[in-house]
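A quick write-up on the structure given underneath.
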Amino acid sequence: MERSTLLFNDKRLSAGAVFFSVIFIIFSVGVVPSINIPADFLKNIGLAVLGLMTLIICGLLGIRGGFFIPRSKVFVIPLIIIGLGLLSALVNDHLLISWGGVGYEADTVAFFLSFFVLFLAGAIFFGSEKGFQTLFGLLFSLFILVTLAEIIDLFFFQFMVERAATVVGSWFNLGIFYGFYVLFFALFLEFYRPRGIRLAAASVFLLFSVVMLVLVGFPLLWKIIGVYALLLCVFRIYLSFSSRFAENKNDSFNTDKPHPTPFYLLLLLVVALVFSVYSPTFSGVSNVRGITEIKPSPVASFVVLRGLYQENFRNVLLGGGPNRFIENWILYKPREVNLTPFWNTDFGLASSLFMTIILTTGLVGAFFWLLLIGYIHADFIRAAMGQTKDPSRAAPIIMLGALASFGWATFLFYNPGPVPLAMTALASGAGIGLSTTESFFVGISSALRRAITFLALVFVITIVVFGFMGITKRLLAIIHYQKGIHAFQENKTIIAGEEVEKATLLYNNDLFERSLSEIYQLKLRDFLNNSSSSELTKERFDSLASSTKGHAQAATKLNPNNYPNFISLGNVYTQLGLIGAPDTEADAKEAYSKSIKLNPSSPIPHFLYGRYLAIINKREDALKELELALTLKPDYQEAKNLLKELKDCLRGGDC
């Protein structure tokens with residue numbers, strides 16, 4: 001049976017694509033700003049769940065007679081990568097942090113599992129002529145609706161100005177998104193040469209994508225696009241003159257034989273060259289509004305990589321564990337960072353997603369990622385050169401291959417969010433499906449199809465229900481946590497404590513426990529400022545002190561490798577020392593020593609420990625800690641001020 005016999009119910013799939021896009025709009029413009037919780041968290045979870053549900057259900061309902069699973073070795077590699085991620089998490093003793101983190105961050109095992117599920121779904125559901133047209137429609141509808149959301153967001157609500165974010169996440173992600181569509185529309189015009197309204201619409205959308213990419217203002221994206229435009233120009237001319245490009249008579253997009261001059265690709269090459277060379281002349285909107293996106297430099301990321309690999313040989317092979325970069329950054333970051341404005345910034349990802357992968361899954365994980373990327377590109381090139389049994393698929397394969405390759409290239413320079421990653425996964429999977437000549441066909445009769453569809457839907461619904469319950473609990477926990485933090489900032493300590501305690505009941509982690517400890521510290525200060533000496537007051541004091549210390553200790557147990565947990569615990573002992581509580585010195589020394597060990601290049605633990613020692617009148621020891629803090633950061637003004645006060649005191653001044 002030929003693979004072209006695979007039919008989809010286009011209406012249902014189109015409805016699913018529109019549903020997914022509309023929900024995306026509601027999430028981006030309606031839900032995210034109104035409940036004031038981290039946008040990346042919502043997009044990571046919301047888009048993954050909604051996207052997978054849409055693909056699976058529409059795929060099940062749309063298949064007629066059966067479906068094909070491409071026979072390709074490439075699908076084994078993702079399983080190896082996921083297995084290596086789990087192994088790295090296990091050997092580093094932090095499976096829960098590496099699996100999903102707090103908000104399914106971009107380098108967790110769960111996030112990449114979703115990526116590979118989309119990759120496989122793209123190959124099965126969109127790896128055919130009909131499937132390609134459906135994917136084309138899905139990507140087109142996503143562009144239209146995201147663009148509408150962006151316009152609403154920018155010109156009506158102006159959330160981007162206030163939040164320094166866009167409807168697809170960060171400014172980097174918006175640049176990647178429109179860079180993807182610059183190639184998308186240029187290739188569509190080049191290989192399918194539409195006429196009439198389609199030509200006008202595609203040209204307008206290409207121009208709009210170029211304008212948006214210019215406004216975002218990241219020159220490196222133009223350089224990447226320029227490289228791809230040049231390669232595609234050469235390849236396009238080669239295909240035209242080698243007679244290997246077979247015209248597809250049944251293609252609804254194309255009716256004429258392609259002209260050997262790649263007009264649109266040459267035009268794109270010129271545009272990319274202009275904006276790459278003269279980018280300082282064109283001020284991006286992010287620069288105009290003073291918005292910058294901070295990430296570690298490649299050099300700083302390499303220093304962290306070197307420090308991690310020098311620790312032991314296991315780290316060379318398996319890395320420090322998925323979603324553990326922030327701990328490695330704190331531990332191994334270069335001391336020169338202390339001389340920059342970002343000296344107290346803790347980064348969750350390296351300079352690029354690929355560098356993060358090398359750090360968190362080691363050389364073995366990086367090797368299999370490169371093997372996957374290389375295999376996908378080799379498959380695309382072989383298929384586009386006409387070495388498959390169906391050379392009429394050359395045009396869609398070139399289009400999918402270029403889009404997927406652009407997505408993979410951004411891995412080397414940026415940290416793409418869920419939307420660019422999902423687009424890359426779908427384009428890669430669909431391209432592999434089209435370029436693979438052998439497949440497993442799973443035939444389904446009408447009766448069997450109904451039974452399998454029913455069971456599959458029951459399975460999907462069961463998984464979604466249980467998954468949704470877990471995700472909802474985590475989502476509600478973050479909502480309560482954000483409410484508590486806002487109340488805390490407004491000095492409403494009672495409300496803050498209640499909200500954060502609700503969050504810990506739904507989903508407990510070290511961040512929530514640490515925040516609770518800080519809230520109780522403020523309660524304790526307020527209590528001491530407004531208290532009497534009755535027995536009831538003493539009981540209340542003991543209760544508050546116990547809760548303050550207990551939550552800080554709980555944070556250190558939940559994540560013993562996160563140095564802010566020990567800073568918070570040390571601050572508890574500092575506050576107890578201020579009111580003359582006995583037996584705090586040993587505990588404070590242990591807490592601050594642990595934080596120094598976890599973050600040896602930071603001056604903060606030395607300063608805080610020096611301040612504690614000054615409070616308990618161990619001024620000579622305090623001087624040593626403050627001098628160590630200034631050695632790490634010579635312009636640390638708070639340490640300078642305290643050091644001056646202590647020296648004046650030791651000289652017989654006012655203490």
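The values are calculated or read from the model by the stated rules, or taken from the named source; none is laboratory data. Just so you know, these numbers come straight off a predicted model, no measurement behind them. Because the Cβ atoms are built from the backbone with ideal geometry, glycine has one as well, and the counts that use them run over all protein chains shown. Keep in mind that these areas ignore ligands, DNA and RNA; they rest on the heavy atoms of the full protein, side chains included. Shrake-Rupley method; radii C 1.70, N 1.55, O 1.52, S 1.80 Å.
Percent relative contact order of the stretch 492-559, based on C-alpha pairs within less than 8 angstrom and at least six residues apart?
Numbers: 55 pairs, mean separation 30.0, N = 68.
Over the stretch 492-559, the number comes to 44 percent.
Here the stretch 495-642 has 50 percent of its accessible surface on carbon and sulfur atoms, given a 1.4 Å probe and all protein chains in place. Seen through its C-alpha gyration tensor, with square-root eigenvalues sorted a ≥ b ≥ c, the stretch 482-624 comes out oblate because a/c lies at 1.5 or above while a/b is not bigger than b/c.
Taking K and R as +1 and D and E as -1, what net charge do the other residues with C-beta under 11 Å from the C-beta of Ile567 add up to? Please list the in-between numbers first.
Numbers: positive: Arg514, Lys594; negative: Glu518.
Surrounding charge for Ile567 is +1.
So, for the stretch 190-231, what is the accessible surface per residue at a probe of 1.4 Å, expressed in square angstrom?
Working: 1950 Å² over 42 residues.
Averaged over the residues of the stretch 190-231, the accessible area is 46 Å².
For the stretch 300-380, the share of accessible area belonging to carbon and sulfur comes to 69 percent (1.4 Å probe, ligands and nucleic acids excluded). Considering only Ala629, Ala545, Leu613, and ranking their Cα positions along the charge dipole of the stretch 513-655 that arises from unit charges at the beta-carbon of Lys, Arg, Asp and Glu, the one farthest toward the positive end is Ala629.
For the stretch 547-655, a/c is not less than 1.5, where a ≥ b ≥ c are the root eigenvalues of the C-alpha gyration tensor, and a/b does not top b/c. That puts it in the oblate class.
Rank these by accessible area, largest first, 1.4 Å probe: Glu498, Glu150, Glu625. Please list the in-between numbers first.
Details: Glu498 100, Glu150 5, Glu625 30 Å².
My answer, sorted largest first, is Glu498, Glu625, Glu150.
So what is the accessible area of the stretch 547-655 per residue, in Å², with the probe set to 1.4 Å? Intermediate values should be presented prior to the final figure.
Details: 5110 Å² over 109 residues.
Here the residues of the stretch 547-655 average 47 Å² of exposed surface.
As a test of reading the structure, rank Tyr507, Tyr181 by solvent-accessible area (1.4 Å probe, protein chains only), most first.
Numbers: Tyr507 50, Tyr181 0 Å².
Largest to smallest exposure gives the sequence Tyr507, Tyr181.
Accessible area per residue of the stretch 333-382 at 1.4 Å probe, in Å²?
Details: 2120 Å² over 50 residues.
For the stretch 333-382, the per-residue accessible area is 42 Å².
Given a 1.4 Å probe and the protein chains as shown, Cys649 ends up with an accessible area of around 20 Å².
Return the subset of Lys549/Lys624; Lys295/Lys618; Lys549/Lys597; Lys492/Lys624; Lys333/Lys549 for which the Cα-Cα distance in this structure is over 32 Å, preserving the input order. The partial results should precede the final answer.
On the way: Lys549/Lys624 27 Å; Lys295/Lys618 39 Å; Lys549/Lys597 21 Å; Lys492/Lys624 38 Å; Lys333/Lys549 30 Å.
Going by Cα-Cα distance, Lys295/Lys618; Lys492/Lys624 fall outside the 32 Å limit.
Grab the other residues whose beta carbon is less than 15 angstrom from that of Val337, score K and R as +1, D and E as -1, and report the net.
+2
Using the Cα gyration tensor of the stretch 292-363, with a ≥ b ≥ c the square roots of its eigenvalues, what is the shape: rounded (a/c below 1.5), prolate (a/b larger than b/c) or oblate (neither)? Note, shape of the stretch 292-363 comes out prolate.
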